[in-house]
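First comes the structure, then the notes that go with it.
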Amino acid sequence: MQNSGSKPCSCPSLKLREVASMYFTMVVAFLVILVVALQGSVPRENDFPYKVPLDPQGLLELSWNVSYAEQAVHFQLLIRDLQFGLLFGMSDRGEFENADLAVLWSDGHNSYFGDAWSDAEGQLHMDSQQDYQLLGARRAPEGLYLLFRRAFSTCDPKDYLIEDGTVHLIYGILEKPVPSLQAINVSALHGGLQRVQLLKPNISIPELPSDMKSMEITAPDVVIPSQETTYWCYMAELPEGFSKHHIIMYEPVVTAGNEALVHHMEVFQCAAEFDSFPHYNGPCDSKMKPERLNYCRHVLAAWAMGAQAFYYPEEAGLAFGGPGSSRYLRLEIHYHNPLVFKGRRDSSGIRLYYTASLRPYDAGIMELGLVYTPVMAIPPGEDAFVLTGYCTDKCTQLALPAAGIRIFASQLHTHLAGRKVVTVLSRAGRERQVVNADGHYSPHFQEIRMLKEVVAVFPGDELITTCTYNTEDRSRATVGGFGILEEMCVNYVHYYPQTQLELCKSAVDPGYLHRYFNLVNRFNDEEICMCPQVSVPQQFYSVPWNTFNRDVLKSLYGFAPISMHCNKSSAVRFPGQWEKQPLPSITERLREPEPRCPPSPGPQPAAPVPLELGRLRR
């Protein structure tokens, strides 16, 4: 009971609205103080071991590191010419729609940073869960550095799941001030995309021998053509009498200033069956390119933008030189020049490190997947058509040593319609391990990737490679073959010790495909000519692609016997019966990995973080 003689409290009475206002003012002040404090901490160069230019002019440079302990990626974004902000993010295939974005923007007076997403129309929305965590911003003579963090998995339906394989990064530059995030017009932005492998494997660098030497296979001061895409070929040769050596490492050599133009590079060794190869220095698709250069297809090294040096395991090296090995090498460089720069000169290439002190094992390269044949086809208008190639237990039982082989690296390959590639190891009918997988695969970004862990393959194991294709932009069937508008499904696995098995691939039995064409004839008004002189591609091109014909083809590929190619390096099959082989029976599938959700920090306001960057330029 209140004492009627007591004095009323002289404390000021605060309304709820005022309390809330004071609270949010304190939060904002704290964030500003935090950001300003972080601006003083200069990250060391080796804190961010991976680096890639985002735009063709090199005005945006992304560096990052990967923490598997924290299940997070730390980004450092250098903006050399800051205007009124930047969008940076990830999407399924590099689109600005349905993208997961970190946005820096300015209204001309104040600057803000926030986690956002775009809808199917490209409209931006502030994310209710702020998972791009700003760690700092600082100005330097070379530009503005933004530091931020992002967990691999956030369990936010609006966020991109960062996983193994290719990641399509997107960027957009704000050239005018905007009053709010929602006012940003994505379609009007100057932007683009860059593909990288964000989740690099955490592999320790092996000790290198003291007698290690190096050689550079580089373009001879090439003038990069003033067109968007160029594949440049240059022939080089090893010295006369070059004895057998082991390649133990290689790294890119990129001409300074061309980092944003050199997209990827490969060094191929030519076939030993030819005594000599003509010299050539020019576009790979030129009519002047000698036909014999097509026999230079054995990959020695492959690099793509964003990749670092490639190391072989301590116990193995890739043999080159000596008897049975060609002296001739072909360098292929993909120049990506969307701004059509003229007169830019380039001497990029790959530096090979090698040793005469041979390691215990020769490394080998084995082709898995589908044979290059038109019997494997994809109907037009498909958004996700699946084809599978098999390396069967019968082949590995015959061709692999009792102690097995160890796969340590992999290069996935399709042509333009490829969207996903995965190779799985199966043993006794049970899927045991993913060898390599890329759920956002792009044919424009192919590199040899070191595996996070070595995969042991024993006699009797099966290696099953599955490719997913999109042909929504095509009006006729896409058949398997060597042409760029034909398709492939390949995994080049790098392993040791080298065996005689160089190719372990399959294709549907041709007789069963013939039955398919007969069935289509029977159930359709339009007839497919089955004449002997009509090729398989022509028969596929004449199929009326209704639902029935599509479904029957899918079913055919799912049950029909296969023709196995269990080939030695001489292209001769191992002895045995390889036609009309049954498909491997898989009784137990691997479970899809469940994303790990980070601990929830509790409710966070969907509000941007203010940044003290000063007045940005007009």
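Assign one of three labels to the stretch 371-508, namely rounded, prolate or oblate, based on the Cα gyration tensor with a ≥ b ≥ c the square roots of its eigenvalues; rounded applies when a/c is under 1.5, prolate when it is not and a/b is larger than b/c, and oblate otherwise. Mind showing how you got there, number by number?
Values: a/c = 2.16, a/b = 1.77, b/c = 1.22.
It comes out prolate by the Cα gyration axes.
Could you sort GLU163, GLU447, GLU314, GLU332 by accessible area so the largest value comes first, with the probe set to 1.4 Å?
The ranking, largest first, comes out as GLU314, GLU163, GLU332, GLU447.
Tally Lys/Arg at +1 and Asp/Glu at -1 over every other residue whose Cβ is under 12 Å from the Cβ of THR230; what's the total?
Values: positive: ARG344; negative: GLU228, ASP285, GLU332, ASP346.
That works out to -3.
Kirkwood Rh, the stretch 203-359, all Cα pairs: how many Å?
For the stretch 203-359, the Kirkwood estimate is 16.3 Å.
Provide the gained length on full extension for the span GLN500 to LYS554, in nm with one decimal, where the gain is 0.36 nm per separating residue minus the Cα-Cα distance.
16.1 nm
Looking at the chain, do any whole DSSP H helices span at least 30 angstrom along their long axis by alpha carbon and average -1.0 or above on Kyte-Doolittle, and which? All intermediate terms of the calculation are to be shown ahead of the outcome.
Working: long enough: 16-39 (35 Å, 1.89).
Span-like helices here: 16-39.
Tell me the net charge near TYR512. Cut-off is 14 Å between Cβ atoms, TYR512 excluded, with +1 for each Lys or Arg and -1 for each Asp or Glu.
Summing Lys/Arg as +1 and Asp/Glu as -1 gives +1.
Find, among the GluC sites (Glu not before Pro) in the stretch 185-241, those assigned to loop by DSSP (not H, G, I, E, B) with at most 12 other beta-carbon atoms within 10 angstrom.
GLU207, GLU228, GLU240
Just to confirm a number: summing +1 for Lys and Arg and -1 for Asp and Glu over residues other than PRO283 whose beta-carbon lies under 14 angstrom from that of PRO283, what do you get?
Working: positive: LYS287, LYS289, ARG330; negative: GLU228, ASP285, GLU332, ASP346.
Summing Lys/Arg as +1 and Asp/Glu as -1 gives -1.
For Cα pairs less than 8 Å apart in space and 6+ apart in sequence, what is the mean separation divided by the residue count of the chain, i.e. the relative contact order in percent? Show your work: numbers first, answer last.
Numbers: 1420 pairs, mean separation 91.9, N = 618.
Relative contact order here is 15 percent.
Hey, what's the Cα Rg ratio for the stretch 50-200 versus the globular rule of thumb, 2.2 N^0.38 Å?
0.96
If DNA, RNA and ligands are ignored and the probe is 1.4 Å, what is the ranking of LEU293, LEU339 by accessible area, most exposed first?
Sorted by accessible area, descending: LEU339, LEU293.
Determine the shape class of the stretch 276-343: with a ≥ b ≥ c the square roots of the Cα gyration tensor eigenvalues, call it rounded for a/c under 1.5, and otherwise prolate if a/b is greater than b/c, oblate otherwise.
Since a/c reaches 1.5 but b/c is at least a/b, the shape of the stretch 276-343 is classed as oblate.
Counting chymotrypsin sites (Phe, Trp or Tyr not before Pro) as exposed when in a DSSP loop with at most 12 other beta carbons within 10 Å, what is the longest stretch of the chain free of them?
Details: sites that count: TYR68, PHE274, PHE482.
With chymotrypsin sites (Phe, Trp or Tyr not before Pro) excluded where exposed in loops, the chain gives 275-481 as its longest stretch.
Which value, in Å² and to the nearest 10, is the accessible area of ARG292 when all protein chains are kept and the probe is 1.4 Å?
Surface accessible to solvent at ARG292 totals approximately 90 Å².
Before I look further, what does the chain give for accessible area per residue, probe 1.4 Å, in whole square angstrom?
With the other protein chains kept in place, the chain gives 47 Å² per residue.
Take GLU367, GLU462, GLU612, GLU592 and sort them by solvent-accessible surface of the protein heavy atoms, 1.4 Å probe, largest at the top.
Putting GLU367, GLU462, GLU612, GLU592 in descending order of accessible area: GLU592, GLU612, GLU367, GLU462.
Leaving out same-chain residues fewer than 8 places away, which aspartates and glutamates sit with a Cα under 19 Å from that of LYS580?
Candidates past the 8-residue exclusion: ASP393, GLU462, ASP509.
Given (1) 40, 28, 22; (2) 49, 31, 25; (3) 53, 29, 26, which label gives semi-axes √(5λ) of the Cα gyration tensor in Å as computed from the coordinates?
Answer by label: (2).
Past the 28 Å Cα-Cα mark, which pairs from LYS452/LYS505; LYS244/LYS420; LYS51/LYS505; LYS420/LYS554?
As for pairs spanning more than 28 Å Cα to Cα, those are LYS244/LYS420; LYS51/LYS505.
How many percent of the accessible area of the chain is carbon or sulfur, using a 1.4 Å probe? Let's see the in-between values first.
Numbers: 15290 of 29330 Å².
Summing carbon and sulfur atoms, their accessible area is 52 percent of the total for the chain.
From the helices alone, meaning DSSP H stretches of at least four residues, give me the mean residue ellipticity at 222 nm for the chain, per-run term -39500 (n - 2.57), in deg cm²/dmol to the nearest 500. Intermediate results must be reported in sequence, preceding the final value.
On the way: 5 runs with 64 residues, N = 618.
About -3500 deg cm²/dmol.
The values are calculated or read from the model by the stated rules, or taken from the named source; none is laboratory data. Source: prediction; values computed, not measured. Neighbour counts are summed over all protein chains in view; Cβ atoms, including those assigned to glycine, are modelled from backbone coordinates with ideal geometry. Just the protein is used for accessible areas: all its heavy atoms, side chains included, with ligands, DNA and RNA removed. Shrake-Rupley method; radii C 1.70, N 1.55, O 1.52, S 1.80 Å.
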